[in-house]
Amino acid sequence: MATQPVAAERPATIHDIAALCGVAASTVSRALTNPERVNIRTRERIRAAAVELNYTPNSQAKALSSGKTGAVGVLVPDITNPFYFDLIRGTQLQLKAAGYTQLLVDTEESDEVEASTLDQLRKSADGVIVAASRLNDTALAEAATRMPMVTVNRDVEGVPAVIIDTPSAMTQALDHLISLGHTSVAYVSGPVVSQSGSRRWAVLSAAAEDRGIEVRLLGPFVPKTQSGAAAADAAVHSGVSACIVFNDLIAIGMLQRLRERGIRVPEDISIVGCDDIFGADFCNPPLTTLSSPIEQAGRMAVSMLLAQLNPLAGGGSRSRSVMPTHLTVRGSTGPAPK
């Protein structure tokens, strides 16, 4: 078989293969996408030519012919938040093992960016995993009818979800503080649209009422370290002796601000974070926080999505999975000041 030179500056196409084999480009296309429609001798000649020319199928063309892209979108509200590092790692490893490419998108804590991205991914991804969605329930449920979807930390009827059960650990955090003599506690809240934040406050306020403890709601605050200064000032102004904080980023910012003001942690005020992100144990003092199996949650979300994409492969049709959370006690909590 004489080799037909292909311009070095461009990849080989089906037209190059067709010229090399002396067949029509449409025959090459059929041989590569629907091989049973081409006789075996012609098919083998085309495959040999494709190898010789180092031909790589165009992913968009392949998607048009098969209806599959081999890609899955993973949406997170803030890619700089270390909470999502392990989640992204979990989804990446599981998708790679299944032969999928991960398309990672930072939706910038914006429902508009999220909605636009979901619309675009309908053409470029086979399915999507959405972490901590900022869309309202109706919009999210509608998006799930247009393409296979699994949410993480967002529970909407009819949408498969992986829930990291931080609300149940709120009771552990509160009981820990009560055991240290605290009777006045604040919950430093995150975004108003955070479903997990709302659930945590509901559980915490009910548990506090059962135990006869005062709990105040402070915030909302943007879930970033920079918000910690305002959160710390609000906590000091409220007069509470302990805070349970929406996430570790705000809590770490609070530790920094309290240190600047000469307020000792935990001697003057105790701080409990949430998520146990990388670096939470390196703080001064190390942060008491709620620990979650975040990478496992990412893997589970992929497994649930793959079951939608290929029901015949098995794997069940689980629509909801709950990841347990527990309190990790470190140096940022101590006895209530006398």
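The values are calculated or read from the model by the stated rules, or taken from the named source; none is laboratory data. Nothing here was measured: the structure is a model prediction, and the numbers come from that model. Backbone-built Cβ (ideal geometry, glycine too); neighbour counts: all protein chains shown. The accessibility values were calculated without ligands, DNA or RNA, using every heavy atom of the protein model including side chains. Shrake-Rupley method; radii C 1.70, N 1.55, O 1.52, S 1.80 Å.
Assorted remarks:
- Projecting the Cα atoms of Leu121, Leu95, Phe83 onto the dipole axis of segment 74-131, where Lys and Arg carry +1 and Asp and Glu carry -1 at the beta carbon, places Leu95 farthest toward the positive end.
- Sum of -39500 (n - 2.57) over DSSP H runs of 4+, divided by residues of the chain (222 nm, nearest 500): -13500 deg cm²/dmol
- Available extension along the chain between Ser184 and Ser238 is 18.5 nm, counting 0.36 nm per residue and deducting the alpha carbon span.
- Computed on the chain, with alpha-carbon pairs under 8 angstrom and 6+ residues apart, the relative contact order is 16 percent.
- In a reduced charge model with +1 at each Lys and Arg Cβ and -1 at each Asp and Glu Cβ, segment 97-208 shows a dipole moment near 180 debye about its Cα centre.
- Residue-normalised accessible area of the chain, expressed per residue, 1.4 Å probe, Å²: 48
- Solvent exposure ordering (accessible area, 1.4 Å, most first) of His15, His237, His176: His237, His15, His176
- Rounded to the nearest 10 degrees, the inclination of helix 83-97 to the longest alpha-carbon principal axis of the chain is 30 degrees.
- Only the Cβ atoms of Lys and Arg (+1) and of Asp and Glu (-1) were treated as charged; on that basis the dipole of the chain about its Cα centre amounts to roughly 1120 debye.
- Fraction of accessible area attributable to carbon and sulfur, the chain (%, probe 1.4 Å): 51
- Those lysines that a straight Cα-Cα span of less than 27 Å connects to Lys68, excepting residues fewer than 8 apart in one chain: Lys96, Lys123
- Area accessible to solvent at Met254, 1.4 Å probe radius, in Å²: 0
- Here Cα Rg over 2.2 N^0.38 Å was computed from the coordinates, and among [x] 1.20; [y] 1.31; [z] 1.13 the match is [y].
- The listed residues Arg10, Arg89, once ranked by accessible area (1.4 Å probe) with the largest placed first, stand as Arg89, Arg10.
- Label positions at Ser198 and Glu267, each projected 7 Å from the Cα along the C-beta direction, are separated by 4.2 nm.
- Relative contact order (%) - segment 246-312, alpha-carbon pairs under 8 angstrom, separation at least six: 28
- Mean sequence separation of contacting Cα pairs (under 8 Å, at least six apart), scaled by the length of segment 121-253, corresponds to a relative contact order of 22 percent.
- DSSP assigns beta bridges within the chain; of those with both partners inside it, close to 10 percent run antiparallel.
- Tilt relative to the chain, helix 248-260 - C-alpha long axis, 0 to 90 degrees, to 10: 40
- Taking the inverse of the mean reciprocal distance over all distinct Cα pairs, the Kirkwood hydrodynamic radius of segment 119-169 comes to 11.4 Å.
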